[in-house]
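Asks: One structure coming up, written as structure tokens, with questions to follow.
Computed from the coordinates by the stated procedures, all read-outs in this text should not be read as laboratory data. These numbers were taken from a predicted model, which means no experiment stands behind them. Cβ sites come from the backbone with ideal geometry, for glycine too, and all protein chains shown count toward neighbours.
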Amino acid sequence: MRFTTTLAAATAIALTSTTAFAGGVAPAVMEAPVVEVMEAPATSSVSPAYIVLGVLAALLIASQLGDDEDNQ
């Protein structure tokens, strides 16, 4: 009987302490959202069109050099 009473008291204290941390009577305080200012990404000084054009020109030159070796 004494063990049951102690167990019941411990359970009641444990449940009371967990509900005490769940919230209070005071209204909830909402904080303002933090706004982060992001800088614009750095842009390249070379246009991507020039890079593609350079790669295509290099492929055309390489294909012409390969054709000249086959004809000899």
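Asks: At 7 Å along the Cα-to-beta-carbon direction for both R2 and A14, put a label point, then send me their distance in nm to one decimal.
Replies: For R2 paired with A14, the spin-label model returns 2.2 nm.
Asks: Using a Förster radius of 22 Å, what is the FRET efficiency between S44 and L65 based on their Cβ-Cβ separation? Nearest 0.05, please.
Replies: 0.15
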